[in-house]
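Scroll down for the structure; my scribbles are underneath it.
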Amino acid sequence: MSTPSHAVAPWRLLRLLGLGRSPLSLAAPLVRPLVRHRPADGIAPIRVRCAGIDVPLEAGAVAEAFAHASDCLVVFVPGVDEDETVWHQHLDQVGGTYASRLSSLLGWTPVHLLVATVEGEDSRSQGVAVAAALQLLVDAWPVDVRRIALVGHGTGGLVLRTACALQDLAAGPWRDRVSDVVLLGTPHLVVPSGRSLVPGGRLVDEELAGIVTEDRVDAGLDPLPGARYVVVTARTRLQQSRVGGVVGELFWWRHRLPLRARRARSLFPTATLHHVPTHEVGLANHPDVHQALVTWLA
């Protein structure tokens, strides 16, 4: 899969301008065609979905898709290359999704935003595209948006982190309306990149200990001021097997030792860590997370 050169050029320009300081008011006209652009396989890099269909980020299409739109948006971003069906896991056991419950109980309007991998683009470019898509969505929303909550799953949370770090000088930017950022199973610790001390150590770090390396994420991004961040982790996954528990704990604490060169730093320094028990039921549709979301977003 290849991306046309005319579609890649704006991303390069944005990176030269500096990701963390790019005003979205200037970036949005460049990004709008890319949000709509579809690579050769027919999958757009950023897609807004409602009831299983793609929604163009235009006022008429958004008003038709979200006919009962409220002034509170909860935006769900699954992991990169995942789709909205990830939130339907264990539906028969849980009895609903985060989207359905927040809509019925609290009146939030759920929006699904999907991020696809495009050859030649990285997580920074994905974050820029997500930020631009969210601004276009708010601009096209049928009613004035009062509040936005962002819910990311896995790597989708890392993309949201980048999107939130952009500086937007446009009138009424979407970032000013974000009240909550909830990250489910997103790596929340970062260590310098380098060769792992043991085979498979990097995988253990990321999967068992919630650690990611600096070559995969920008460690220097600031959180949104005024937004509540919550990182939901499942510590019991370290104990699913004796071997996994022992190895996972060793890697978890090894990066916290002050004399180690690869000491971990928090990607979300203002976040509250919320631990939930998990066995067969994952964080994408977990009963404890249901209860917590209703409390946080009330």
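The values are calculated or read from the model by the stated rules, or taken from the named source; none is laboratory data. The shown structure was predicted, so the numbers you read here are calculated from the model rather than taken from an experiment. Cβ coordinates were reconstructed from backbone atoms using ideal geometry, including for glycine residues, and neighbour counts include every protein chain displayed.
Structural remarks
- Val80 vs. criteria within 19 Å of Arg161 (Cβ to Cβ) and either β-branched (Val, Ile, Thr) or at pLDDT 95 or above (or both): yes
- Among the residues examined, Ala116 does not qualify as more than 21 Å from Tyr229 (Cα to Cα) and surrounded by 24 or more Cβ atoms within 10 Å (Cβ to Cβ).
- Qualifying residue in the stretch 95-109 (condition: among the β-branched types (Val, Ile, Thr) and either under 17 Å from the mean Cα position of the chain (by Cα) or under 12 Å from Val48 (Cα atoms) (or both)): no
- Test: residue in the stretch 84-99 that is small (Gly, Ala, Ser), surrounded by fewer than 18 Cβ atoms within 10 Å (Cβ to Cβ) and outside any helix (DSSP H, G or I): yes
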